[in-house]
1. Can you work out ³J(HN,Hα) from phi for every residue in the range 67-73, in order, using Karplus 6.51 cos²θ - 1.76 cosθ + 1.60 and θ = phi - 60°, giving whole Hz and x for Gly and Pro?
2. Kindly identify the range 58-165 as rounded, prolate or oblate by the Cα gyration tensor criterion: order the square roots of the eigenvalues as a ≥ b ≥ c, call it rounded if a/c is under 1.5, otherwise compare a/b with b/c, prolate if a/b is larger, else oblate.
3. Using a Förster distance of 25 Å, how high is the FRET efficiency between ASN96 and LEU130, based on the Cβ-Cβ distance and rounded to 0.05?
4. Suppose the chain between ARG249 and ARG147 were pulled fully straight at 0.36 nm per residue; how much longer would it get relative to their current alpha carbon spacing?
Amino acid sequence: MARRDSRRKPQPTLTRSAVPTPGGRSSGRNAAGDRELVTLQRRILLRWFRAGGRRAFPWRRKVGSYQYFVAEMLLQRTRAESVVPVFDRLIRQAPNLSSLARLPRRTLARGLFELGLPKRADRLRESARLLMKHHGGRVPRSAAQLRQLPGVGPYTSDAIAVFAWNQPIALLDWTTQRVVTRLVGHPASARPVADLASRRVVKLLRGRSDPRIFNWALIDLAATYCQPRPKCLECPLLDVCRTGRDLTRKRE
Ligand code: SF4
């Protein structure tokens, strides 16, 4: 039988009645329990990230808005581990927006070749040129303005706004959506999952969370524990996660 990892730090526990029902609608005592649950989930998530988050990525060191912009453009549909050497090389070659805008097309395409998605180099270069021309060589703070750039969709624009400018936006893709819906025990196949997840993640982000740190923490939890086959027994959120508790109860 599977055993809990004895190295796992003890976490605050919660009574079962405080775990919200799927769909997230609650009233009276349940609403209070739900608020308590959200606070605990946020606290445990952030505490875990401070101790075990993936801080080694070069775009997670103290960098400027330009580096965050480049990182998010390179991370589109690409594993973070593959992006690291390409990012480091590109930042050495083009340390700011103006040098990126002036980088010869072939040089940039060659530098990004190993990441695939051949149009990415053109889009990145064109975006840099537009930022030089219309934004004074700065990365805009507004996600709506970022969305005007070639190859920048809703997720990437939000991600740049969060990481470059710490805007209070909750990033949802299918991996973080999976974490959030599992936390409330909402079946992945049920609808409207995205709607529920976005309401829930906004609640999680409230309070005094640092949006940049909060979003990194959620992304890392999805990558580390809350994978398609979740590693609930090792997960720091097990005691405050409806799905995790249900899964482990079935195994006992
Ligand atoms: S306990 Fe399991 S289902 Fe819940 S967040 Fe952790 S890994 Fe995901």
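1. 5, 5, 4, 4, 4, 5, 5
2. rounded
3. 0.95
4. Full extension of this stretch gives 32.3 nm more.
We did not get these values from a lab; they are worked out from the coordinates using the rules stated. All figures in this text were calculated on a predicted structure; none of them were measured in a lab. We place every Cβ from the backbone using ideal geometry, glycine too, and count neighbours over all the protein chains shown.
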